[in-house]
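The values are calculated or read from the model by the stated rules, or taken from the named source; none is laboratory data. Just so it is clear, the model here is predicted, and its values are computed rather than measured. So basically every Cβ, Gly included, is an ideal-geometry build from the backbone, and we count neighbours across all protein chains shown.
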Amino acid sequence: MSEANKAQGEETRDQIEGAREPLLELRDLATWFRTDEGIAKAVDGVSYKIHPGETLGLVGESGSGKSVSALSIMRLVPSPPGFVERGGIFFKGESLLSIPDEDFRSIRGNEIAMIFQEPMTALNPVYTVGDQVMEAVILHRGLDRAAAREHAIQMLTKVGIPSPETRVDTYPHEMSGGMRQRVMIAIAMSCDPALLIADEPTTALDVTIQAQILDLILELQQQAGMSVLLITHDLAVVAETAQHVAVMYAGKVVEYASVEDLFAQPRHPYSIGLFRSLPDLAKQGKRLTAIPGMVPSATRFPSGCRFRPRCSIATDLCASSEPPLVSLEAGGVHTVACHHLEEARGL
Amino acid sequence: MSDLVNSGNANAPLLEVRGLKKYFPVRKGLFSRVVGQVKAVDGLDFTLGRGETMSLVGESGCGKTTAGRTLLRLLAPTAGQVLYSPNPEAAPTDIFKLPAAEMRALRPDLQIIFQDPYASLNPRMTVGNAIAEPLLVHKVVSASEVEDRVAGLLERVGLRPDVANRFPHEFSGGQRQRVGIARALALGPKLIICDEAVSALDVSIQAQVINLLKDLQDEFGISYIFIAHDLSVVRYISDSVAVMYLGRIVESGTAQQIFDDPQHPYTRALLSAIPHADPSKRGERIPMTGEIPSPIHPPSGCHFHTRCALAEDRCRSEWPASVALGAGHQAACHLVQSAGTEEA
């Protein structure tokens, strides 16, 4: 694709998507960590947008930087050793990185809420479930305890917890994993956030409970019109819930597309490899096509394209220059960071 | 289902499990009086063929892990028989009846790999020593040959032999699972129980480990019992599948029968809950309300009736017997039709 073409492509895309103001935008965000082995570039130049009411699926393997990008939005990256090296995070057009800590508290848990993979470690074991659901509305909405308790019972009802009037006084350890995740969602939803960040919300759950939780998030999203940033390693979960997908590898977004386009035809060699690794798409008895090697350490990313050492079509160009994310066609949403898109078609 | 009372039959299964039960006492009070039983595994029957893979699937708390551990006598069984016939020409031995010394002699045949290899490897032991340990305990090789054997095993599972001097924390999750496999492989097992062995791995690494397990099966004729909740992996790897619910098998059959033609309402709901890696197939789910009930007070009759959309009065009072649906395919449900007519 020529430079002119590329520029034109991005312009048209901006025209299309620019019509709607994104709720959240990451621009070239880099979150690094100082470690004994040097600087770990966990997130290294990541850009993505989430529009109102949309679900963006962020997929990638452990160490790809997907969780760190979310923690950066919530300002939950432990510092030191973590720090934002460059880039910006914009929420409703406002730069989150330039807001002082005290003011950010009115956003975290209120306008942007987050749920985590392991609800048992995210919930406080010495407080009742009710206390924890009440905390956010007392803090952000100034409700008194009685009103907050009523609100908590309403929230527990909303997330499908049976007999919420008694459950409100129980402790997290008295609940099953699925119920705890419902409580986490009740806490996250209690202030009607504009954006819910869900970091592997169903990974620790049974497939039946996973289906219930994903349906619940979808239902609440439709009622409230909120946006969801869904972080997962499970492509199937993304296929079920998201409108757009960003595939991350080694601290970078390597491909971004609508869920239909990505699943119909992934274009980056890494995305292609991920899909090939899925047992549910493979014929029984046929060998799975695994991606050789493993994700490089964040302190020792290879030069040029970071997927190069595991890529079967890599050339000298891939070692010397880093491929930028470019639109596949003028005005298209689908962007890929690969020097050899034509060759990748043959994979 | 094959009802072979096997002696001198080359097709005899490697393992035949009959009426396997494992109850845990519920104790209460000052004198730890036994006030009840948790019927974690309540009467399992299945067979496992030579060089085949059988999967036990179900939600957490269904008893699949307890079943695997009881089979290997890592937990003391409450009742049942596990007929093991390493040699198809000889009569099988009941693992549960073996005295401790003979059971110990049989241990090399029967291995297990766990979900979290980090928790199952000693952090202070080099992986070389961890793999060498079973070889030395069972006196399979002499101390002088051990290093060569460990190097060979590491190579076989796709690790460089020089990693033998490293400690578990220096490895990634996928590499640690390879170490776990090398360790299980060291004694030349006939059966490996894989308890969520690939569940914690990233998808690209998971594919590498699944391929390795399959290669080892082809090479050494190992049988696997795969305990897993990821049904897409199960579908891919299994010859046969048994679906468990609250300690009992509700449906069993070949992988094809279970996945393409599930009959039990629980199997159908479970399968429909799997997300598809295909956005055009969104949301075709059979709703299943609630969660698996407590095994201390399982529901009367069919255990599944509290969550079953089709439950009738009979389901609340009477446990359904297994109905044969076709070659090797059976389901325990009052509402499924015996396949007698179809088969004839």
Worksheet entry | In the stretch B:153-170, residue nearest to B:Leu121 (Cα to Cα) [restricted to those that are within 28 Å of the chain's Cα centre (by Cα) and crowded, with 16+ Cβ neighbours inside 10 Å] | B:Pro168
Practice prompt. Check A:Gly293, A:Gly273 and return the single one that is of a type outside the set (Asp, Glu), on the phi > 0 side of the Ramachandran plot and over 13 Å from the mean Cα position of the chain (by Cα).
Written response: A:Gly293
Item to complete: Determine whether the stretch A:301-323 contains at least one residue that is surrounded by 18 or more Cβ atoms within 10 Å (Cβ to Cβ), closer than 22 Å to B:His276 by Cβ and within 14 Å of chain B (Cβ to nearest Cβ).
Response: no
Discussion item. Against the definition (modelled with pLDDT of 90 or more, more than 27 Å from B:Glu196 (Cβ to Cβ) and outside any loop (DSSP other than H, G, I, E, B)), how does B:Leu136 come out, yes or no?
Written reply: yes
Item to complete: Find the residue count for the stretch B:246-265, including only residues that are within 11 Å of chain A (Cβ to nearest Cβ) and under 19 Å from the mean Cα position of the chain (by Cα).
Response: 4
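Only one of A:Val253, A:Val333, A:Val247 is part of a loop (DSSP other than H, G, I, E, B) and within 19 Å of the chain's Cα centre (by Cα). Can you tell me which?
Step by step, each of A:Val253, A:Val333, A:Val247 is checked, and only A:Val333 is part of a loop (DSSP other than H, G, I, E, B) and within 19 Å of the chain's Cα centre (by Cα).
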Worksheet item: Residue check: is A:Ile291 surrounded by 15 or more Cβ atoms within 10 Å (Cβ to Cβ), in a loop (DSSP other than H, G, I, E, B) and within 14 Å of chain B (Cβ to nearest Cβ)?
Response: yes
Item to complete: Could you grab the pairs with beta carbons closer than 6 Å, sequence gap of 6+ or different chains, first residue in the stretch B:173-184 and within 14 Å of another protein chain (Cβ to nearest Cβ), second one among the aliphatic types (A, V, I, L, M) and assigned to a helix (DSSP H, G or I)?
Response: B:Gly174/B:Ile205; B:Gln177/B:Val209
Worksheet, complete the sentence: Scanning the stretch A:248-282 for residues that are of a type in the set (Gly, Ala, Ser) and either within 10 Å of another protein chain (Cβ to nearest Cβ) or surrounded by fewer than 20 Cβ atoms within 10 Å (Cβ to Cβ) (or both) gives A:Ser258, A:Ala264, A:Gly273, A:Ser277, A:Ala282
Worksheet item: So A:Phe83 fits all but one of (1) within 22 Å of A:Gln181 (Cα to Cα); (2) of a type outside the set (Val, Ile, Thr); (3) not in a loop (DSSP other than H, G, I, E, B); what number is the exception?
Response: (1)
Practice prompt. Give the residues of the stretch A:185-230 that are more than 18 Å from A:His51 (Cα to Cα), within 13 Å of another protein chain (Cβ to nearest Cβ) and in a strand (DSSP E or B), sorted by residue number.
Written response: none
Worksheet, complete the sentence: A:Val237 vs (1) in contact with a Pro (Cβ under 9 Å, 6 or more places away or on another chain); (2) at the interface with another protein chain (Cβ under 9 Å from one of its Cβ atoms); (3) β-branched (Val, Ile, Thr); (4) over 21 Å from B:Asp278 (Cβ atoms): all pass except (4)
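Where in the stretch B:33-122 are there helices (runs of 4 or more DSSP H), lying wholly inside it, with at least 1 residues that are in contact with a Lys or Arg (Cβ under 9 Å, 6 or more places away or on another chain) and under 19 Å from B:Gly19 (Cα atoms)?
B:64-71
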Discussion item. Just the residues that are in a loop (DSSP other than H, G, I, E, B), buried (at least 23 other Cβ atoms within 10 Å of the Cβ) and touching a Pro at 6+ places or on another chain (Cβ under 9 Å), please, taken from the stretch B:175-221.
Written reply: B:Ala186, B:Ala197
Worksheet item: When you scan the stretch B:224-282 for helices (runs of 4 or more DSSP H) that lie fully inside it, which ones turn up with 1 or more residues that are polar (S, T, N, Q) and within 21 Å of B:Gly63 (Cβ to Cβ)?
Response: B:265-272
Response to the item:
Condition set among the aliphatic types (A, V, I, L, M) and part of a loop (DSSP other than H, G, I, E, B), scope the stretch B:283-324, selection farthest from the other protein chains (Cβ to nearest Cβ): answer is B:Ala321
Worksheet item: List the pairs whose first member sits in the stretch A:33-53 and is in a loop (DSSP other than H, G, I, E, B), whose second member is aliphatic (A, V, I, L, M), and whose Cβ atoms are under 8 Å apart, counting only residues at least 6 apart or on separate chains?
Response: A:His51/A:Leu23; A:Pro52/A:Leu23; A:Pro52/A:Ala194; A:Gly53/A:Met226
Practice prompt. Restrict the check to the stretch B:227-234 and report whether at least one residue is more than 10 Å from chain A (Cβ to nearest Cβ) and within 21 Å of B:Leu325 (Cβ to Cβ).
Written response: no
Fill in: Selection from the stretch B:145-168 of residues that are within 14 Å of chain A (Cβ to nearest Cβ) and assigned to a helix (DSSP H, G or I)
B:Val163
